[in-house]
1. Label-point separation (nm) for Glu289 and Arg378, each offset 7 Å from Cα along Cα-to-Cβ?
2. Specify the inter-centroid distance of segment 255-272 and segment 56-127, based on alpha-carbon positions, in whole Å.
3. Starting with the fewest neighbours, write out Met371, Met213, Met493 ranked by other beta-carbon atoms found within 10 Å of each beta-carbon.
4. Kindly state, to the nearest 0.05, the FRET efficiency for Asn243 paired with Leu366, given R0 = 60 Å and r defined as their beta-carbon distance.
5. Residues of segment 483-519 with backbone nitrogen within less than 18 Å of a virtual label 7 Å along the Cα-to-Cβ line of Asn438, please, listed as ranges.
6. Report, ordered by chain and residue number, the lysines lying within cross-link reach of Lys440, taken as a straight Cα distance under 21 Å and ignoring same-chain residues fewer than 8 apart.
7. Sticking with the crude label model, points 7 Å out along Cα→Cβ, report the distance from Lys506 to Lys464 in nm, one decimal please.
8. According to a simple spin-label model (label point 7 Å from Cα along Cα-to-Cβ), what is the distance in nm between Lys544 and Asn420?
Amino acid sequence: MRKFTQTFLLVASLTSTGQAQIALTSKQIKRLDSIACQDVPKNAPGIATAIIQNGKVIYKKYAGFADLADSTIINKSSRFNIASNGKQFTALAILTLIDKKKLKLSDDIRKWFPKIYPDIKDKITIQSLLNHTSGVRDCYDLWSLQGYTWWEKSFSNNDVLALIEKQSDLNFKPDTKYLYSNTNYILLALILEKVTKRTFVDYTNEMFYQLNMPNTSFESNYKSIRGQIARAYFNFGTWTTFNWIWNVVGDGNLFTTLEDQIQWEKLALGRGSSGFKSKIISQSQKIIEGSKFTNYGYGLEFGKYKELSYRFHEGATGAWKATTIRFPQNNISIVTLTNTGKSIPYNQTRQMADVIFNLKSDETYLVTQPMSIGTYIREDEILGTYLTESDFAFTFEKINNKIFLKRVGRNDVELEREANNIFHQKFDPAFKQEFTVNSKGELQVTAYYINHSPYRLTKANRIKENFDFRSINGDYINSETNTTLKIEYLEGMNYEITFRNDYKTKGLLVSTNKMLVDIYSLEIQKGKLFLNGARIKNVKYVQK
């Protein structure tokens, strides 16, 4: 009978650098097994995960099924789609061209795409694509605006280029902000093809061969994906898979095995062997030299986890999800690949870090409550809507003499006063709201909880009593996406919004020039609307 799971442990040793190799105790192994399998019930899809230190695997686990139809278990041959974790390899391929002096970080991308953004005078550079400071809008969010469910289509990289060629503006002036956009890495793949006169897949397949990663490849033709695929499954009462028909590459769509990812982690941390230039690999693990943006480099994020510096990335596409985290000071990597919608590798991988580093609970490292009590604030003063820079909203209302917090997609919660300027959720006092005034004289609220860092929202300007709510009514069109938007006033501060003549939803006016609509906000100007979403900004709609 085939075993459902396999676990491997390599015993401790002392490396040539003198750094002690971690020796996992039986208790730690049991805890790691529990973490890995927490979302892998019997007869279900699952997970492949490993911990690597100093070029040696100190923990490895396979659990669950690659294919429920034929009961194939997940094993060393199972290929997962690691989605955005593939960006590090697109960046690596670009670095090989820089090393060969075939392009420079400072090159304007319109050297290869002269048709895009003809009215943008600022340079849009290779570097700005790599670290998501280009301002180029995310193609997936643009498709969503057009009403497409992207994974039901068979779009290609050329379809992405055609979409971008229709854009007349950017999210922001290049190199002034960071905003993650998958389009950046798709454009990098297209640039590589123009520079090398080869397909992106062929070029990177040769790269993976040199890296000793034979079962890793970007897949630009869903009909010819090779190997044993760990099929992706959602669970809506029962396990459900779907047909993968996606052909876009560069931003993701990279299929690989855990064994190949272990090989890459050895190389990324300066161990292992390959026919690839080690100096290029080493450069790929650093922040881009001279960049003022230090949170993102060559397909990698940089930050701290519980006071430990680390490099990391997440990937998610359908029910496939993947996480890679690297602690260079300890020469440790943790990789998790999943094919189940139930699993959250972001959490699991970091829980494994907690075990091997013996780290304390999250709240130990977070500010979970106000540091002091401020000036008394009346209940009627706090009423209204508060926004983050990305237009996430808190709305405070008084109903039957009680204060309620309203958030989109969440249940309304009753609040009660804790101190002069501090309130908390009545039935979960750990969720606290601190009201203060900023340097501009604006009222703001800071939200605290035990499992996240504090975040702050600023109160939107009140709507004037004589405001003509119907002045916003009308039909609007955006030429870049060929989409329409209709606004009709209902009552109070509420509107009916119709997208593309086929989707109706509600809009809430929070100030005279801003409306919240589902996942979007609308900046209102006379005869114009500027739509903002997570990864698309300033999409201009003009009144017909």
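Just so you know, all these numbers are worked out from the coordinates, no wet-lab data involved. All figures in this text were calculated on a predicted structure; none of them were measured in a lab. Reconstructed Cβ throughout: ideal geometry from the backbone, glycine too, with neighbour counts over all protein chains shown.
1. 6.2
2. 15
3. Ranked by crowding around the Cβ, least crowded first: Met371, Met493, Met213.
4. Calculated transfer efficiency: 0.90.
5. Residues passing the 18 Å test: 510-515.
6. Straight-distance partners of Lys440: Lys459, Lys464, Lys514.
7. 2.8
8. Distance between the two pseudo-spin positions: 5.6 nm.
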